[in-house]
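Where a number appears in this text, it was derived from the coordinates with a stated rule and is not lab data. What you see is a predicted model; the values in this text were computed from it and never measured. Neighbour counts run over all protein chains shown; Cβ positions are idealised from the backbone, glycine included.
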Amino acid sequence: MKKTWLQTSLLLSATTGLLLAGCTSKEASLNPDTGSSKLKVVTTFYPMYEFSKQVAGDLAEVTALIPPGVEPHDWEPTAKDIASVKDADLFVYNGIVEGWAPKVLESAANSKRIVVEASQAVSLMEGAPEDEGGSEAGHDHESSMLDPHVWLAPALAQKEVAAIQKAFEQADPAHKEAYQRNADAYIKKLQQLDENFQTRLKAVKRKDFITQHAAFAYMAQAYGLTQVPIAGLSPEEEPSPEKMADVVKFAQAHNVRTIFFETLADPKIAATIAKEIGAKTAVLNPLEGLTEEEKAQGLDYIAIMTKNLEGVEQALND
């Protein structure tokens, strides 16, 4: 069950002593005479972790707060997580997805810590309107109607990587050139990924694709496609019967043969619509977190986005 902000506030108050202790331990860990001098980087969920690791190379210890296989939209930090944020030299988050982040950063104050909200490098789009007939779901954030899923467009992912690089340089200016080289090398890979999307989606037969979760608007916009979401920005949102009926009518009218669902959410809604129209279901991965299986296979952002490209291309040519 999702925690309320009252519960979170009580948690923050209860961990004050732990956070104060974390300040002392940080000073020791960064002392080259007593411990590791590597930059301590705390990230939130998978894309922020991956982008930070690519920029860091072997110059920083990068960790992710949200574990593999956990859907990040309704995750809340524990006392240990808050202490890690307190103790970090650099904190990297996307923005909006992590509705808890502003209050945690305020509570776990650290004047020496650098914070980067990577999505601020991008002009955010309005999210898909909530289905008034469905259940209430979404982010506990004043900007919850803005769509945070910028990392799903490779061109915008490049902007997030560049923003993260600047934060690394600010936190550790002695290694500025190395962070620049690392970021440049990774951005070149993202540029190639973007070119692959552009080339392969340019000539598809159809332009509309149906998703269970409204996570792919930036990707659709970048490549001249139209996302038709069953639910809104939160994968937990339950669409109303009217919304379901509208999607079925759209799918039938446009001869849609594939309904996309995602790895970390229940696929039953997508399966219901697919069964109704005689279509198949397929995964379109929003990369909000790797599963243990994906980790075991050595998959990463570029590999999974390539799988997404293959899936969309096939569906739009089916």
- Note on the structure: With a 31 Å threshold on alpha-carbon distance, the violating pairs from K103/K307; K38/K159; K159/K207 are K103/K307
- Residue-wise HN-Hα coupling along the stretch 47-59, computed from phi with Karplus coefficients 6.51, -1.76, 1.60 (Hz; x: Gly, Pro): x, 5, 5, 4, 4, 5, 4, 5, 6, 6, x, 9, 8
- Expressed in nm², what is the orientationally averaged projection area of the convex hull enclosing the Cα positions of the stretch 44-106? 4.3
- Item | Kirkwood Rh and Cα Rg combined as Rg/Rh, the stretch 150-236 | 1.11
- Once amide hydrogens are built 1.01 Å from N within the peptide plane, the residues lying 5 or more places from V115 or on another chain with amide H under 5 Å from its amide H are F91
- If the convex hull is drawn through the Cα atoms of the stretch 183-285, its volume per residue in Å³: 107
- Message: Starting from the 7 Å offset along Cα-to-Cβ, what nm value, one decimal, do you get for the label separation of E126 and Q314?
- Response: 3.6
- Message: Using a Förster radius of 41 Å, what is the FRET efficiency between K268 and K112 based on their Cβ-Cβ separation? Nearest 0.05, please.
- Response: 0.30
